[in-house]
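Visitor: Following this message is one structure expressed as structure tokens.
The values are calculated or read from the model by the stated rules, or taken from the named source; none is laboratory data. Only a predicted model underlies this, so the values are computations on that prediction, with no experimental measurement involved. Heads up, the Cβs are rebuilt from the backbone with ideal geometry, glycines too, and the neighbour counts pull from every protein chain shown. We work out accessible area using only protein heavy atoms, side chains counted, and drop any ligands, DNA or RNA first. Shrake-Rupley method; radii C 1.70, N 1.55, O 1.52, S 1.80 Å.
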Amino acid sequence: MVKEFTPHHYWALILGGSSGLGLAAAKKLAAHGMHLCIVHRDTGIEMEKIREAFDALRATGVQVITFNASVTNAEKRGEILQQLKALMGTEGRIRCLLHSIARGTLKAMDGETPLTADDFMVTLEHMAVSLYDWTSAVVQQQLFAPDARVLSFTSEGSHRAWKHYAAVSAAKAALEAISRSIALEYAHRGIRANCIQAGITDTRSLRMIPGHEQLLAYAQEHHPMQRATTPEDVAAIVYLLCKDEAAWINGAVIPATGGSHIV
């Protein structure tokens, strides 16, 4: 495995890196020599398995620091960036800010406990606005590399309606809009921002969606390659977008579906 990021002292700041797409991306970037700062929000019950995953990342030879904290806590965000700045020293810089937050409500609009405006706002804050909060904070602390990437995960639900998905759908649409504006307004700082639209992927987040079994079955039946997307498929796209050769990709929503979007 070529560790091309090692000589540059690059870091990835991953928001939501303890499972699913975020963890898969962390594994891929670590394998290629990128140091990791992972912010996640998990309970004590889950932590033993998560610590094992983080130890496996360290075993690849990169530096890994982790914080179990809410991405919407502004005070904690400042503390994390100060600690990261001290650890990176004068040589290290953030090459990749990866947003992989999946905290939102899956209430139906017409259910026993209907979706509320507060549900929308909490989902939007975590799954969309936090991308800007962290990007802005990293810019202010001058922690980005001269050629940096801001990446986030969206879904087909940003422009399609699924039952129980209204709040997340709104957040994904907002996430794409925020990413486009980051791509425009921070371009002069060398920041490229893109959304990766993953196909139907069997993750913990997907399993929380009512009827996810039907989504997986449909993905496998109608996919050109007869299978669903895997976290590793998506992680490979994150890695590719972090390479020097991807510098001209900016402001895009990139399908990482293996072709499911064409059938």
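Visitor: Please indicate, with yes or no, whether at least one residue in the range 33-51 is touching a strand residue (DSSP E or B) at 6+ places or on another chain (Cβ under 8 Å) and part of a helix (DSSP H, G or I).
Guide: yes
Visitor: For ILE38, which of the numbered conditions (1) open to solvent by 70 Å² or more (accessible area, probe 1.4 Å); (2) touching a Ser or Thr at 6+ places or on another chain (Cβ under 8 Å); (3) β-branched (Val, Ile, Thr) fails to hold?
Guide: (1)
Visitor: Is it the case, given these coordinates, that ASP133 is open to solvent by 30 Å² or more (accessible area, probe 1.4 Å), farther than 20 Å from THR72 by Cα and of a type in the set (Asp, Glu)? Step through it out loud before you land on a result.
Guide: On the way: open to solvent by 30 Å² or more (accessible area, probe 1.4 Å): yes; farther than 20 Å from THR72 by Cα: no; of a type in the set (Asp, Glu): yes.
So ASP133 fails the test.
Visitor: Please name all residue pairs, on different chains or six or more residues apart, with Cβ atoms under 6 Å, provided the first residue is in the range 134-158 and is within 20 Å of ALA170 (Cβ to Cβ) and without any contact (Cβ under 8 Å) to a residue 60 or more places away in the chain and the second residue is part of a helix (DSSP H, G or I) and of a type in the set (Ser, Thr, Tyr).
Guide: SER152/SER179; GLY157/SER169
Visitor: Can you name every residue in the range 227-263 that is assigned to a helix (DSSP H, G or I) and of a type in the set (Gly, Ala, Ser)? Please lay out each step first, then the result.
Guide: First pass over the range 227-263, keeping only residues assigned to a helix (DSSP H, G or I): 231-242, 244-246, 260-262.
Scanning the range 227-263 gives ALA235, ALA236, ALA246, SER260.
Visitor: Can you name the number of the only condition in (1) open to solvent by 20 Å² or more (accessible area, probe 1.4 Å); (2) in contact with a Ser or Thr (Cβ under 8 Å, 6 or more places away or on another chain); (3) of a type outside the set (A, V, I, L, M, F, W, C); (4) modelled with pLDDT under 95 that GLY157 fails?
Guide: (1) is the only condition that GLY157 fails.
Visitor: Let me ask another. What number of residues within the range 180-206 satisfy the criterion of being of a type in the set (S, T, N, Q) and more than 11 Å from SER155 (Cα to Cα)? Show your work before the answer.
Guide: Filtering the range 180-206 for residues of a type in the set (S, T, N, Q) gives 181, 194, 197, 201, 203, 205.
With more than 11 Å from SER155 (Cα to Cα) added as a condition, the list becomes 181, 194, 203, 205.
Looking only at that region, the number is 4.
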